[in-house]
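To start, the structure itself, in structure tokens.
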Amino acid sequence: MNKRYEELYSLSLRRGFIWPSAEIYGGLAGFYDYGPLGSMLKRNWENSWLNYFLGLGDNYFLIDSSNIMPHSSLKASGHVELFSDFLVKCKKCGESYKADDLLGEVTGTSGEGLKAEELDKKITEANVKCLKCGNGFNAATEFNMMFPMSIGSEGQDKGYLRPETAQGVYLNFKRGFEVARKKLPFGLAIVGRAYRNEISPRQGVYRMRELIQAELQIFFDPTKFDKTLDFENIANYPLRVQFHDDPQIKELRCEELIAKKELPKYYVYHMAMVQKYYLEQLQYPLERFRLLELGENERAFYNKIHYDIEVNLESLGGFKELGGIHYRTDYDLSRHQEGSKERMEVTFEGEKIIPHVLELSFGIDRNLWSLIDVFYEKTDRAVLRLPAVLAPFTAGVFPLVTKNGLDVKAKKLYVALRDYHNVFYDESGSIGRRYARMDEIGTPFCITVDFDSMKDDTVTIRERDSTLQKRVPIPKLESLLRELIIKKKPFTEL
Ligand code: GLY
């Protein structure tokens, strides 16, 4: 891991963003827990994601589903047969590696999408050896990444921990369609855990065995979906895309991309919505974002069109996948119709159809890590410039000193604000140190009760990014904070 990763990981441990799971027992590779700040950041990210993505349609809802799924459902979906990676094992010490990642790590060119024989050939040609003992490898074999389990006292039922939340939606499609009053498009989202028995996860928080996903499955009729979308509004919007056979990132207007790649309008519309989420809602810098096309061999088995959502992360050595935009056709519902013998075909506007699926899929753990990577800087001061809506605490509330009733007034203000905002009370150390502690965890505002507050019922409010301070009346503080968070009011106009 590089220096930037070490710096961010140390911040995470120290301040309580992310911690290794079961640490007191030596930990378990690929498993992490969230501390107090990480949990609040996660909750805010999830709320922001739900607000934005459920808002893309009138008929989009959140559901929740079981994490354990029957064998029959995942056999039907194709995961029992196809949800696998290639594994190579050292001939001498038995150390296991995900073959394509190992190639990427040693040669700089990932082996993603290659077949077993191609991986073996490349590993031999590049003289890749075991990173532990320096010996050669056995031939690559396929390894299914699902966690199997036996259910019941005799283990009579076989199941798996779900490998993607998407499957929970497909199994609930029929009931969801009823709730959506039998209209297309309609969408169901799940925010929850998924489980993948990754081979030797050695990329820290990037590759987890128990991961959290936010996935929206949009069910639609491909001949009618375009008409429901305001494409004109984004026709000239420039997308930052990279094609699978071209090393350059390009900026192409939505219309141009459609013409160049013959993509459906509805697909490109959602690429634009995803990019806008990162650049406009979350304020990621433009140059750190790209949508990466995956070639035919690189796509998951259920996808016909697949662009990864990627952000350049210094701590992880370059652009990394944070999610994907997947056109899954009618593959999933057709497979479940076959496997369950339940009809997934519906009648919409007089025609019978098995709806197609557009999936907007996001790895939450990776997204949270990316926020810390993109927004944390340590120059003359350490500051995490998180978008205010995501910050674990909206404001710190401090008395300048703990005498003459300043602390009593500050506590009272803190209690009043707690009804509306997640605020943090701190009276220990110098005021400078208290500001610094809040800057480091991304708190966008600090409110200080000083001697003037006792006379005129005003406080100072300090902005994290500019360190500017303004004086505002206490009765207006709660609504001002709200306006500042959603950027309705610039700080300079207070
Ligand atoms: N549901 C898509 C994925 O897990 O990548």
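The values are calculated or read from the model by the stated rules, or taken from the named source; none is laboratory data. If you're wondering where the values come from, they're calculated on a predicted model, not measured in any experiment. Cβ coordinates were reconstructed from backbone atoms using ideal geometry, including for glycine residues, and neighbour counts include every protein chain displayed. Note: areas computed on protein heavy atoms with side chains; ligands, DNA, RNA excluded. Shrake-Rupley method; radii C 1.70, N 1.55, O 1.52, S 1.80 Å.
Details
- As a fraction of the 1.4 Å probe accessible area of segment 240-387, surface on carbon and sulfur atoms comes out at 41 percent.
- Segment 440-494 - Rg (one decimal) and Dmax (whole number), Cα, Å: 11.1, 32
- Taking amide H as placed 1.01 Å from N in the peptide plane, ALA140 has its amide H under 5 Å from the amide H of ASP120, each at least 5 places away in sequence or on another chain.
- Note on the chain: antiparallel DSSP beta bridges, both residues inside, total approximately 85 percent of the bridges counted.
- Annotation: segment 360-435 has a Kirkwood hydrodynamic radius of 14.7 angstrom, from the mean reciprocal C-alpha pair distance.
- Protein accessible area in segment 122-186, 1.4 Å probe - carbon and sulfur %: 48
- The share of accessible area on segment 1-105 that comes from carbon and sulfur is 52 percent, using a 1.4 angstrom probe.
- Scaled against the 2.2 N^0.38 Å expected of a compact globular protein of N residues, the Cα radius of gyration of segment 351-494 reads 1.29.
- Around the amide H of ARG385, modelled in the peptide plane, lie the amide H atoms of TYR376, GLU377, all under 5 Å away and 5 or more residues distant in sequence or on another chain.
- Estimated FRET transfer efficiency when R0 is 56 angstrom, pair LYS488-THR141 (beta carbons, to 0.05): 0.45
- Cα-based helix-to-principal-axis angle, 331-340 vs the chain, degrees rounded to 10: 70
- Debye log10 I(q)/I(0) at q = 0.14, 0.18, 0.19 Å⁻¹ for segment 78-213, Cα point scatterers: -0.78, -1.03, -1.09
- Its convex hull of Cα atoms gives segment 273-324 a direction-averaged projected area, equal to a quarter of the hull surface, of 4.1 nm².
- In segment 395-494, trypsin sites (Lys or Arg not before Pro) in a DSSP loop with at most 14 other beta-carbon atoms within 10 Å: LYS403, LYS487, LYS488
- For segment 156-169, 3J(HN,Hα) per residue [Karplus equation, 6.51 cos²θ - 1.76 cosθ + 1.60, θ = phi - 60°, Hz, x = Gly/Pro]: 5, 9, 9, x, 9, 5, 5, x, 7, 5, 3, 4, x, 5
- Cα-centre dipole for segment 351-494 with unit charges at Cβ (Lys and Arg positive, Asp and Glu negative), debye to 20: 300
- Distance in nm between pseudo-label sites at ALA416 and ASP452 (7 Å out along the Cβ direction from Cα): 1.8
- Here the average projected area of the convex hull drawn through the C-alpha atoms of segment 16-86 stands at 8.2 nm².
- Calculated SAXS-style log₁₀ I(q)/I(0) at q = 0.24, 0.31 Å⁻¹ - segment 330-380, Debye, Cα scatterers: -0.91, -1.10
- Looking at the chain, the pairs of alpha carbons with a distance over 43 Å make up 24% of the total.
- Dipole of the chain computed with +1 at Lys/Arg Cβ and -1 at Asp/Glu Cβ about the Cα centre; of GLN275, GLY405, SER340, farthest Cα towards the positive end is GLY405.
- Per residue value of the accessible surface for the chain (all protein chains in place, 1.4 Å probe), Å²: 47
- Taking the empirical scaling 2.2 N^0.38 Å for compact globular proteins as reference, segment 272-381 has a Cα radius of gyration ratio of 1.40.
- GLU287/GLU95 FRET efficiency (R0 35 Å; Cβ-Cβ; nearest 0.05): 0.40
- Cα centroid separation - segment 224-286 against segment 375-396, whole Å: 30
- Chain lengthening between ARG471 and ASP230 when straightened (0.36 nm per residue, less Cα-Cα): 82.4 nm
- Degrees between helix 364-375 axis and first principal axis of the chain (Cα, 0 to 90, nearest 10): 50
- Semi-axis lengths, Å, segment 165-245, gyration tensor of Cα atoms, sqrt of 5 times eigenvalues: 30, 23, 10
- C-alpha center-to-center spacing [segment 332-358, segment 34-106] in angstrom: 25
- Simple spin-label estimate for VAL408 and GLU255 in nanometres, 7 Å along Cα-Cβ: 6.8
- All C-alpha to C-alpha distances of segment 2-146, sorted into 5 Å bins beginning at zero, yield P(r) values of 2, 8, 10, 11, 11, 14, 18, 13, 8, 3, 1, 0 percent in whole numbers.
- Estimated distance in nm for a label pair at ILE151 and ALA126, the labels positioned 7 Å out from Cα along Cα-to-Cβ: 4.1
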